[in-house]
Every structure is written in structure tokens, then in C-alpha cells.
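What follows is a single structure, written as C-alpha cells, with notes after it.
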Amino acid sequence: MTEQAKRYPVPETIRERAWVDEAAYRTRYQTSVESTNAFWLEEAKRLDWFSKPQTAGNVSFSPDSVSIKWFEDGTLNACYNCLDRHLDTKGDQVAFHWEGDDQAKTDSITFKALHERVCRFANGLKDLGVKKGDTVTLYMPMIPEAVVAMLACARIGAIHSVVFGGFSPDALANRIVDSGSRVVITSDESVRGGKQIPLKENVDEALDRPGTEVVEHVVVVKRTGADIETTERDRWYDDVVADQSAECPAEPMKAEDPLFILYTSGSTGAPKGLLHTTGGYLLYASMTHHDIFDVHDDDVYWCAADVGWITGHSYIVYGPMANGTTSVLFEGVPSYPDHGRIGEIIDRYGVTILYTSPTMVRSLMAQGDHIMDSSSRQSLRVLGSVGEPINPEAWQWFYRVIGNSQCPIMDTWWQTETGGVMITPLPGATELKPGSATHPFFGIQPALYDNEGNELEGATEGNLIIKASWPGQARTIWNNHERFVQTYFSTFDDVYFTGDGCRRDEEGYYWITGRIDDVLNVSGHRMGTAEIESSLVAHEAVAEAAVVGFPHDVKGQGIYIYVTLNEGVTPSDELRSELVKWVRKDIGPIATPDVIQWAPGLPKTRSGKIMRRILRKIAANELDGLGDTSTLADPSVVDDLIDHRAG
Ligand code: PRX
């Protein structure tokens, strides 16, 4: 039997105590799509509401009137749900075991202690003039203060916009300006793999850019104690919280009041700020977390993502905290001080649930099985994978080596736009097939369309769309509803278009095949080819650039760039490394090009459109499948590109 065809039935030990078994999945799923509103109103009882909603969805996917609302008449506070409501029963339970990059640096914070810290900082933010509806940008390492800052914003009704700490000053500046943030929260430095990254210096550089004058204060957490420059607008975090009361009432928010903005890349243009609101998002994050990881009170859960991404928002902060789950918060990287780190953390805290990315699995797999010898990982019960397709070999390795062949793997498909997981197995309900995200979560109605918008039935492959709304869905793009409508609701009528391709097998299992637009997925990080191209053409030597993805053993996809230089510029290895540095500096290290090929010409149609299909094939070295090149303005450029393939 091929690896791909192997199946993994639900382990008996898991089924016995699972919240959802196979029969329950079937009945509840049926109810969720047949009586959607009643189903979600019932589920809404998972949250504590200041006033309970009487209505569930109020949604239009019609392009001229796209509007998505859930539980409109309910009021609640996300921070209250993550902290206050646990205090009576779980106040002394650990909310986060924090482990620093240096493993000697740790901290275990109870729900009660976290509540106090959040209240003090929330009061501090109020003193800095932050009000309900204001936007606050966070540019922070994976330290407890990042969680404190997110929850403190939620507590007072401010909208947080977290920018991943690996982004450049320019990328940060664009996000600060677009979101209109009046306060930025950062730290002196961050530490990853023993190296210091100058976050505060990056903020200062960002705030030199035009448009950032809206920023009144920068709050700085002392992480390393580095000697940093300070300006008038800077406030030390310690001073902001000093003398603040540990009481701060949680602001009653309407379910549809914004909770956060999170920027992500599209196929064209600048990154877009997806807006998530309070009630529907929180319910969907907590319910998916609860059911997909089959979370019980004695679990120790670890999502090894960064709070700068949607996975961190939904499955480090809001989902697990709303469920009162004890989690691990890890500042470092899996390879430091050596590749045994992940296993050692699992053993140290008795982690029962590990949620990570295929890239991390592949990077460990590349080291060989022995790197797991320094740990037993016997505590593990359930594993999860997110962010990119997991190839069956990596799935098997994750299962056999990390999970000791005892733990089912939840391959969860979702997006920044979806707020929470959409297609996924459930540990007690789903027979697994390595590489398949399996079945839709409750309330989710996926379908496959051909390019003309006809629904395809049975075993087939097509464009993945979702037919009806769910509470966790993003409501709009900040400042640009038109772009929201255009991106997700104009390709096909009355459905949400995901941008992903997908196959469905004879048994109805879904297999995500990857993006069908010009979005790259490098190590699970989403990037627009247009962003990288516009960075390159801003360099004086570059006339034109075309970026495509190519298969990469560890990162899933790598970045392959074809560059046409300006007249008179001579290609050289020095120029190549200069361009690599240029992109890293402009966007951030996650956009580091893997391959740059000099291209005297790019394959274009007679109307001037770059034929990316051909560039992708050349980058992947699939030279047999180039297809018809006769419609090109100059077919000979293809031969030249093939002759000079790089990498
Ligand atoms: O292409 C899909 C891929 O990641 C994209 C969403 O990226 P982002 O918004 O950054 O969110 C990542 C974390 C949820 C999707 O359009 N993707 C995500 N999960 C999977 C996946 N592809 C295959 N399998 C998955 N499990």
C-alpha cells in the first residue's frame, strides 16, 4: 500500500473520552447545515455574554451588498471570556508556561496572575489615551507581554493589529499607517536562536516614514535590557503598569465590534488588513479549538506558532484562553540550542497536544530520527498541522517519530480570512488519510467549482469555495470593503472564494492542493508575488522582475525570481546577493529569495501579460509540461530561460 493510501482509524483510547465521536460528528454536522441559526445560537452558550444574542447570522454574499454579521444583538467582552470567567474555578491553574529562547528563562503564569497583569496594562493604556475603537499596533517577541497586550486591548475595546516581529521597518510602517494606530507596543529586542533582533530600532526607523505621525506613544518592554535610544514618545512598559490598579472593568462590546486587524498578503497590491469582530470570532476560535484538539481540563497544549499570524491569534490566545486551557508559550526556534528542543519542551511540561507546521516537521525530519532521542514525548495524545499542505512522508514522520505512533494528526485547513479551522479531522471521529484535511468542521459547507462557476460533484478537483457564512469569517478589509468584495465574492456568485485548489476523493475526503492565485506559501508564511516584485523593481539595477514559487524540500515552496536588468547593468554574483539583501531589508527575512535567475526577456503574451505558468514550470524543472508557447510575443525567450536555469 502506498503511504498516501494508508489509513489510520481512531485510536480506542481517544474515542473513549472524545467530545465528538463519528456518530456525533454526523448528526451535529447535519444539524449545523440544516438548522444553521439554531445550531449557532445553541453553540453561542459556550461564551459568557453580558446580554445574550437572540439572532445568529445576518449575511449577504451577493457582490453588490456583501455584509457579514453574527449575533448582532449580543454584547460581550473577549478578554472577560479569556480570563475573568475562569477565575473562580481555575484562578490558580497555569494559563501559560513560558519558555524563553534561553531555556533557563521560564515563567509559569496562572489565570489569576495574567488577569492582574492584563488589568494593570489595560489601565496603563487608558492613561496613554487609548479608547474604545482606537487601533494599537503590536510588534513583539513571543513573550507573555504580547498576550497581555492583546488581551488588554480587547479588555478596553481597542483594536489590536499585531505585526510579525520578522517584518522590516517599511512593512511595519505601512501597517501602522493603514491601521491608523496611535500607540505601538514593542520590546527593546527580541531573541531567537541566540540572536538579538533590534525591534525598537526597527520601530524608530518605521516611525521616520511619512504618515506615521499618528503614533503618539511607543510602549517598550524591557526584554534584553539592551542599551537602546529613547525619544519623547517612548514609555517603558514597566513605568506604564507601575502604580496601576489590578482592577479594570471589561468594556461591554457589541458582538460585531472589531476585535483585531491582521494583515495578510493577496495576489496583488499591498497586504490587506482583515478585520475580525468580537462575538462570532471568539465563539468560532474557542469551539474549533475545543473540538479539534479534543481539549480536556488536564491537557497541556502547545501551539508552536507566533502571535504575529492568525494561528497565534486563534490558537495561542483566543481559542485556548476562552477554553481555560493550560498552554506553552515558546519564544525560541526548534533548532536552538539543538534539534532536540521541541521534544524536551514536550517532556518538561507534559504537553499532551502539539499543534505545529509541516515546515517544522520537515526541518526536524531532515536531521534524522535520532534527534528525538533526548525526549520520550509519552505525554502526547493529539498532534496538529497547519499552514500548508503536509506531504504524506512528513505526515508519517510526524506520526511515527514525534508522536510515537500513538497520536492522531489533525491536518487543519484554514486561512487568515476564515478566523478558525474549516476543514479538519476530529480526533475521536475521523479515520485519517495522510495528506488529507479530511472533512468540513460544523457549519462549513465546502464545494468545488470549475472555472465557470459550475459546482462539480463526486470525486473531482476544482476551485475550493464555501457556500455559506460561519461566525469566524472576516467581515471586511480595513479601509477597503470594495477590495474585500472584489477578492472573495466576485469570482463566483454568492459564495466565498478561498483562492485554494482542492481535490475530493471517492469517499468525500478533501485534499488541498495549494493556492491557485499568485500567492506563495513559504514555510507556511503567506506572501504575494506582487509585493516581492515591486520591491525588486524599486532597485536601480532592475528593469523587471517576475516571482514564482517552486517545490522546496523543507519550506514547501521556495521563492524563485527572474530578473531583467536595466540596459548597461552587468549581471554578477555581487549584484545577486545585493538583491537578496534588498528584498530582506524591504519586506523582511521571511521573503528572502532562494533563487535569482537573470532573464534578458520574460515570456509575455502579445498583450504584454507575463505567462507565469511557464515561469513556474521552468523554476520547478518540469520542462516537458511547458504547454503551448506559440501565443507568446517572442517564444525564443523561453529557450534562453531554460538554457540558463538557476538553482
Ligand atoms: O493555501 C492554504 C494554506 O495557507 C493559506 C492560508 O494562509 P494564512 O492566511 O497565512 O493562514 C495560515 C494559517 C491558517 C491557505 O489558503 N493552508 C493552510 N492550512 C493548510 C493549507 N494548505 C494545505 N493544508 C492545510 N492544512
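The values are calculated or read from the model by the stated rules, or taken from the named source; none is laboratory data. Quick caveat, the model's predicted, so the values are computed rather than measured. For neighbour counting, all protein chains shown are included, and Cβ atoms are generated from backbone atoms with ideal geometry for every residue, glycine included. Protein only, heavy atoms only, side chains kept; ligands, DNA and RNA dropped before computing areas. Shrake-Rupley method; radii C 1.70, N 1.55, O 1.52, S 1.80 Å.
When the test is whether a residue is open to solvent by 10 Å² or more (accessible area, probe 1.4 Å) and within 13 Å of residue 96 (Cα to Cα), residue 349 passes it. On the stretch given as the range 358-380, residues that are among the aliphatic types (A, V, I, L, M) and either within 16 Å of the ligand (Cβ to nearest atom) or free of Cβ contacts under 8 Å to residues at least 12 places away in the same chain (or both) total 2. Considering each of 305, 242 in turn, give the residue that is away from the ligand (no atom under 16 Å from the Cβ) and open to solvent by 10 Å² or more (accessible area, probe 1.4 Å). Of the residues listed, the single one that is away from the ligand (no atom under 16 Å from the Cβ) and open to solvent by 10 Å² or more (accessible area, probe 1.4 Å) is 242. Residues that are crowded, with 16+ Cβ neighbours inside 10 Å and in contact with a Ser or Thr (Cβ under 9 Å, 6 or more places away or on another chain) within the range 92-110 comprise 94, 95, 96, 97, 98, 99, 100, 101, listed in sequence order. For the range 153-172, the count of residues that are of a type in the set (Lys, Arg) and under 23 Å from residue 584 (Cα atoms) is zero.
For residues in the range 381-400 being open to solvent by 10 Å² or more (accessible area, probe 1.4 Å) and either out of contact with any helix residue (DSSP H, G or I) (no Cβ under 9 Å at 6 or more places or on another chain) or aliphatic (A, V, I, L, M) (or both), which is nearest to the ligand (Cβ to nearest atom)? Spell out how you get there, then give the answer.
As a first pass, look at the range 381-400 and keep what is open to solvent by 10 Å² or more (accessible area, probe 1.4 Å): 381, 386-389, 391-393, 396-397, 399-400.
Checking the rest, the ones that are also either out of contact with any helix residue (DSSP H, G or I) (no Cβ under 9 Å at 6 or more places or on another chain) or aliphatic (A, V, I, L, M) (or both) come to 386, 399.
On the way: 386: 5, 399: 15 Å.
That would be 386.
Here the range 401-415 is the region considered, the condition is being in a loop (DSSP other than H, G, I, E, B) and either within 8 Å of the ligand (Cβ to nearest atom) or aromatic (Phe, Trp, Tyr) (or both), and the residue that is least open to solvent (accessible area, probe 1.4 Å) is 415.
Go through the range 416-431 and give me each residue that's within 13 Å of the ligand (Cβ to nearest atom) and either open to solvent by less than 10 Å² (accessible area, probe 1.4 Å) or under 18 Å from residue 39 (Cα atoms) (or both).
We begin by selecting, within the range 416-431, every residue within 13 Å of the ligand (Cβ to nearest atom); these are 416-425.
Those that are within 13 Å of the ligand (Cβ to nearest atom) and either open to solvent by less than 10 Å² (accessible area, probe 1.4 Å) or under 18 Å from residue 39 (Cα atoms) (or both): 417, 418, 419, 420, 421, 422, 423, 424, 425.
Identify the residue in the range 246-275 that is open to solvent by 60 Å² or more (accessible area, probe 1.4 Å) and either more than 30 Å from residue 41 (Cβ to Cβ) or part of a helix (DSSP H, G or I) (or both) and, among all such residues, is farthest from the ligand (Cβ to nearest atom).
Selected residue: 247.
For the residues 88, 101, 92, 73, the requirement of being in contact with a Gly (Cβ under 6 Å, 6 or more places away or on another chain), modelled with pLDDT of 95 or more and either outside any strand (DSSP E or B) or of a type in the set (S, T, N, Q) (or both) singles out 101.
Just one of the numbered conditions (1) at positive phi; (2) of a type outside the set (Asp, Glu); (3) in contact with a Gly (Cβ under 9 Å, 6 or more places away or on another chain) is not true of residue 336: (1). Of all residues in the range 151-166, those that are open to solvent by 10 Å² or more (accessible area, probe 1.4 Å) have Cβ atoms under 7 Å from Cβ atoms of residues that are of a type in the set (Phe, Trp, Tyr), 6 or more apart or on another chain, in 164/309; 165/139.
Please enumerate the residues belonging to the range 498-519 that are away from the ligand (no atom under 11 Å from the Cβ) and either touching a strand residue (DSSP E or B) at 6+ places or on another chain (Cβ under 8 Å) or within 18 Å of residue 450 (Cβ to Cβ) (or both).
The answer is 503, 504, 505, 509, 518.
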